[in-house]
1. Do you know which residues across region 68-84 are surrounded by 17 or more Cβ atoms within 10 Å (Cβ to Cβ) and more than 18 Å from I2 (Cα to Cα)?
2. Which residues, taken from region 53-67, are open to solvent by 70 Å² or more (accessible area, probe 1.4 Å) and free of Cβ contacts under 8 Å to residues at least 40 places away in the same chain?
3. Would you please name the residue that is nearest to G64 (Cα to Cα), looking only at residues in region 1-18 that are open to solvent by less than 60 Å² (accessible area, probe 1.4 Å) and among the polar types (S, T, N, Q)?
4. So, in region 96-117, of the ones that are open to solvent by less than 90 Å² (accessible area, probe 1.4 Å) and not small (G, A, S), which residue ends up nearest to the chain's Cα centre (by Cα)?
5. Just checking, how many residues over region 95-117 are part of a helix (DSSP H, G or I), farther than 25 Å from S15 by Cβ and either touching a residue at least 40 places away in the same chain (Cβ under 8 Å) or aliphatic (A, V, I, L, M) (or both)?
6. Among the residues of region 41-52, which ones are in contact with a helix residue (DSSP H, G or I) (Cβ under 6 Å, 6 or more places away or on another chain) and either hydroxyl-bearing (S, T, Y) or loosely packed, with under 15 Cβ neighbours inside 10 Å (or both)?
7. Kindly list the number of the only condition in (1) of a type outside the set (K, R); (2) touching a residue at least 40 places away in the same chain (Cβ under 8 Å); (3) in contact with a Lys or Arg (Cβ under 7 Å, 6 or more places away or on another chain) that fails for M81.
8. Suppose we filter region 19-38 for residues that are over 9 Å from the mean Cα position of the chain (by Cα) and open to solvent by less than 40 Å² (accessible area, probe 1.4 Å); how many remain?
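The values are calculated or read from the model by the stated rules, or taken from the named source; none is laboratory data. Computed from a prediction, not measured in an experiment: that's the story for all the values here. Backbone-built Cβ (ideal geometry, glycine too); neighbour counts: all protein chains shown. Just the protein is used for accessible areas: all its heavy atoms, side chains included, with ligands, DNA and RNA removed. Shrake-Rupley method; radii C 1.70, N 1.55, O 1.52, S 1.80 Å.
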Amino acid sequence: MIIQLDMQSELPIYSQLVYQIIEGIAGGELQLGEALPSVRNLAADIGVNLHTVNKAYTLLKQDGYILVHRQKGVVVNPDGMPGLTDDFLKKQQRELRPIIAEAICRGMTKEELSAVLDQMYDDVKMGHNKE
């Protein structure tokens with residue numbers, strides 16, 4: 001899996017890293033039980049601070065996407081992905097609502113927005129890059 005960070009983005013690097021790892025899992029680029037690089041190796045590979053990778057891994061671990069084993073290191077959770085929770089659904093609504101509001105203000109129809117969402121879902125599921 002190739003990590004692509006935008007150092008000029010307003011989105012913190014650790015968040016970009018979290019989102020890309022989750023997208024890698026969703027798109028099948030990362031399999032359940034697959035080993036991820038150590039904090040030190042990933043930081044060196046992508047040219048960021050150790051603490052940045054550590055924070056991303058900590059958040060992924062808290063949400064149940066990865067496990068940290070003493071012998072195996074960091075692995076994609078072999079027992080599966082976290083399920084839908086009330087917290088996740090609330091987060092989803094909180095993050096999508098302003099995007100939907102802006103789309104409406106810009107004249108986008110519900111059908112056009114749905115088409116964009118459908119395409120993005122398919123792209124992520126198939127492991128296609130954003131660009």
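1. N77 - this is the single residue of region 68-84 that is surrounded by 17 or more Cβ atoms within 10 Å (Cβ to Cβ) and more than 18 Å from I2 (Cα to Cα).
2. Taking region 53-67 as the starting set, the residues that turn out to be open to solvent by 70 Å² or more (accessible area, probe 1.4 Å) are 54-55, 61-63.
Passing the criteria: N54, K61, Q62, D63.
3. S15
4. Applying the first criterion (open to solvent by less than 90 Å² (accessible area, probe 1.4 Å)) to region 96-117 yields 96, 98, 100-101, 103, 107-109, 113-116.
After this cut, where a residue has to be not small (G, A, S) as well, the list is 96, 98, 100, 108-109, 113, 116.
Numbers: L96: 15, P98: 19, I100: 20, M108: 26, T109: 27, L113: 21, V116: 19 Å.
Filtering first and then ranking leaves L96.
5. Residues that pass the stated criteria total 2.
6. L50, T52
7. Going through the list (1) of a type outside the set (K, R); (2) touching a residue at least 40 places away in the same chain (Cβ under 8 Å); (3) in contact with a Lys or Arg (Cβ under 7 Å, 6 or more places away or on another chain), M81 breaks only (3).
8. Residues of region 19-38 that are over 9 Å from the mean Cα position of the chain (by Cα), as a first pass: 27-38.
Then keep just the ones that are open to solvent by less than 40 Å² (accessible area, probe 1.4 Å); that gives 27-28, 30, 33, 36.
Count: 5.
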